[in-house]
């Protein structure tokens, strides 16, 4: 199983993602974002957390326009899994691979702490190893994590059961307590919390590991 | 070709809470100003060569649509001025 972890200027969680993916059996390569990429032998593409391009203009906006994002879009269309975590989620909304936008937290503060995360759907490739409605302990670290979408989009997300994770204690003002959403084909997931930082023995929680294990089980089967 | 100065003014849509604007407004109020409805936006200014003002405006709109503003949450207004 092969994973490609993109590294944008300002990404900072590439290795955290690598450790978590390697732990469930992926071979990982960290791919610099400045040139085109061939994802044909890759099962999962990860857009990691961080502050690509210094969050200039809007979080994720400049990264979303890089040529490599055309390759990501093509790979997603071909059914490869794409996981955007934190800044990766922001890049996915800015590149329209997922709907909506991530705005400044309502409290204006950068929030860096563990949150209660509810598994709203466990029928996803990214969440099928979790118990239904499981409550997880996963850290967030962001300033622009406040999920926003127009009422029609929100209604569609709910009707199509595309909200996979919701906050139990909404730290940022996100509409409908949304912490993570998938595309309709269930091969693209964006989420603000950091499952890769709640995965290994030395982390304070290991509740994020099953997300990576879910993907590994789906790809390996 | 004429040189045009472009200003793209980006603001959060009025129905969207602007936490930074709210904070600035509260600070102004605590200083004794009767300020209301503070909103924080941004202006991107740039120079562009175009055949005429219409082309400069069209290009500026494309730049705003494709990168400078996110229509999901932002509005923008564009001014185009020939550089003398």
Hey, does segment B:9-19 have a residue that's at the interface with chain A (Cβ under 10 Å from one of its Cβ atoms), within 11 Å of the chain's Cα centre (by Cα) and at pLDDT below 95?
yes
Please tell me if residue A:45 is in a strand (DSSP E or B), more than 14 Å from every other protein chain (Cβ to nearest Cβ) and closer than 30 Å to residue B:73 by Cβ.
yes
With the requirement that a residue be over 16 Å from residue B:5 (Cβ atoms) and in contact with a strand residue (DSSP E or B) (Cβ under 7 Å, 6 or more places away or on another chain), what does segment B:39-66 give you?
B:39, B:41, B:42
Could you say whether any residue in segment A:126-139 is under 16 Å from the mean Cα position of the chain (by Cα), within 24 Å of residue A:14 (Cβ to Cβ) and part of a loop (DSSP other than H, G, I, E, B)?
yes
For segment B:65-82, state whether one or more residues are in contact (Cβ under 8 Å) with a residue 60 or more places away in the chain, within 30 Å of residue A:107 (Cα to Cα), under 12 Å from the mean Cα position of the chain (by Cα) and more than 14 Å from chain A (Cβ to nearest Cβ).
yes
I'm trying to understand the selection: among the residues of segment A:1-34, which are in contact (Cβ under 8 Å) with a residue 24 or more places away in the chain, farther than 17 Å from residue A:91 by Cα and not in a strand (DSSP E or B)?
A:1, A:16, A:19, A:20, A:21, A:23, A:24, A:25, A:26
If we take chain B, then strands (runs of 3 or more DSSP E) inside it with 2 or more residues that are exposed (fewer than 12 other Cβ atoms within 10 Å of the Cβ) are B:42-50
Over segment A:98-120, the set of residues within 14 Å of chain B (Cβ to nearest Cβ), closer than 19 Å to residue A:158 by Cβ and surrounded by fewer than 21 Cβ atoms within 10 Å (Cβ to Cβ) is A:99
Within segment A:12-31, is even one residue surrounded by fewer than 24 Cβ atoms within 10 Å (Cβ to Cβ) and within 14 Å of chain B (Cβ to nearest Cβ)?
no
Residues being over 14 Å from residue A:103 (Cα atoms) and in contact with a strand residue (DSSP E or B) (Cβ under 7 Å, 6 or more places away or on another chain) - total across segment B:11-38
0
Answer yes if at least one residue in segment A:77-94 is modelled with pLDDT under 95, crowded, with 19+ Cβ neighbours inside 10 Å and either within 14 Å of another protein chain (Cβ to nearest Cβ) or not in a helix (DSSP H, G or I) (or both), and no otherwise.
no
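Quick grid of which residues meet (1) surrounded by 18 or more Cβ atoms within 10 Å (Cβ to Cβ); (2) under 12 Å from residue A:100 (Cα atoms):
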site	(1), (2)
A:151	no, yes
A:154	yes, yes
A:157	yes, yes
A:162	yes, no
A:176	no, no
A:187	yes, no
A:191	yes, no
Within segment A:143-176, the residues that are without any contact (Cβ under 8 Å) to a residue 40 or more places away in the chain and on the phi > 0 side of the Ramachandran plot are A:176
Return the only residue of A:41, A:10, A:79 being on the phi > 0 side of the Ramachandran plot and out of contact with any helix residue (DSSP H, G or I) (no Cβ under 9 Å at 6 or more places or on another chain).
A:79
Any chance you could count how many residues in segment A:114-140 are free of Cβ contacts under 8 Å to residues at least 40 places away in the same chain and farther than 19 Å from residue A:176 by Cβ?
1
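The values are calculated or read from the model by the stated rules, or taken from the named source; none is laboratory data. Source: prediction; values computed, not measured. Neighbour counts run over all protein chains shown; Cβ positions are idealised from the backbone, glycine included.
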